[in-house]
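Student: Below is one structure. I have some questions about it.
Read-outs throughout are calculated quantities, based only on the coordinates presented, and are distinct from any laboratory measurement. In this text, all values refer to a predicted model and were calculated from it rather than measured experimentally. Backbone-built Cβ (ideal geometry, glycine too); neighbour counts: all protein chains shown.
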Amino acid sequence: MTLLDLSHVNASLNALSTVLLITGFALIRKRHVSGHKACMLAAFTVSVLFLISYLTYHTARQMREGVGHTEFAGTGWVAYLYYALLISHIILAATVPVLAIITLRRAFRGDFASHRRIARWTFPIWLYVSVTGVIVYFMLYHLDA
């Protein structure tokens, strides 16, 4: 496996997290609590695996190449769009682990009223981060700008 392969793995994990989050949301709307719980725990697990892979990728790049990031090749409006997505993605991504842990902890304690209140914030932020992670990946590695 190469470093470039890890970037593909990271995007795949983000995409899988997106699917699990949307499925979990749909299940709870249908009051299928056990399915919702399974999807959300899977989404959390996939997100933890993503974080491990992401940190491994960037640490290895820093050690091998002296730089931990990939430069975006696009210019003009595409570059503005890319950096706007990237900045919002990074800022919100920093909140996801904390929000997800708090949300899960409240569910495990059976404090569902409190769980629902914070999940109203956690879900859209986590979903945005997962979706924009895939978009940033495609823009960085597959967009011919």
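Student: Whole-Hz ³J(HN,Hα) for each residue in region 35-46, computed from phi via Karplus 6.51 cos²θ - 1.76 cosθ + 1.60 with θ = phi - 60°, x for glycine and proline: what do you get?
Tutor: Values per residue, Gly and Pro as x: x, 4, 4, 4, 5, 5, 5, 5, 4, 5, 4, 4 Hz.
Student: Right, here's the next one. Return the calculated 222 nm mean residue ellipticity for the chain, to the nearest 500 deg cm²/dmol, obtained by summing -39500 (n - 2.57) across DSSP H runs with n ≥ 4 and dividing by the residue count.
Tutor: That comes out to -29000 deg cm²/dmol.
Student: Could you tell me the relative contact order of region 80-135? Use alpha-carbon pairs under 8 Å, at least six residues apart, and round to a whole percent.
Tutor: After rounding, I find 47 percent.
Student: Remind me, relative contact order of the chain in percent, using alpha carbon pairs under 8 angstrom and six or more residues apart?
Tutor: 31 percent.
Student: For region 8-58 and region 73-112, what is the separation of their C-alpha centers, rounded to whole Å?
Tutor: Using only Cα atoms to place each centre, the spacing works out to 13 Å.
Student: What ranking do 30, 37 get, fewest neighbouring Cβ atoms within 10 angstrom at the top?
Tutor: Lowest count first: 30, 37.
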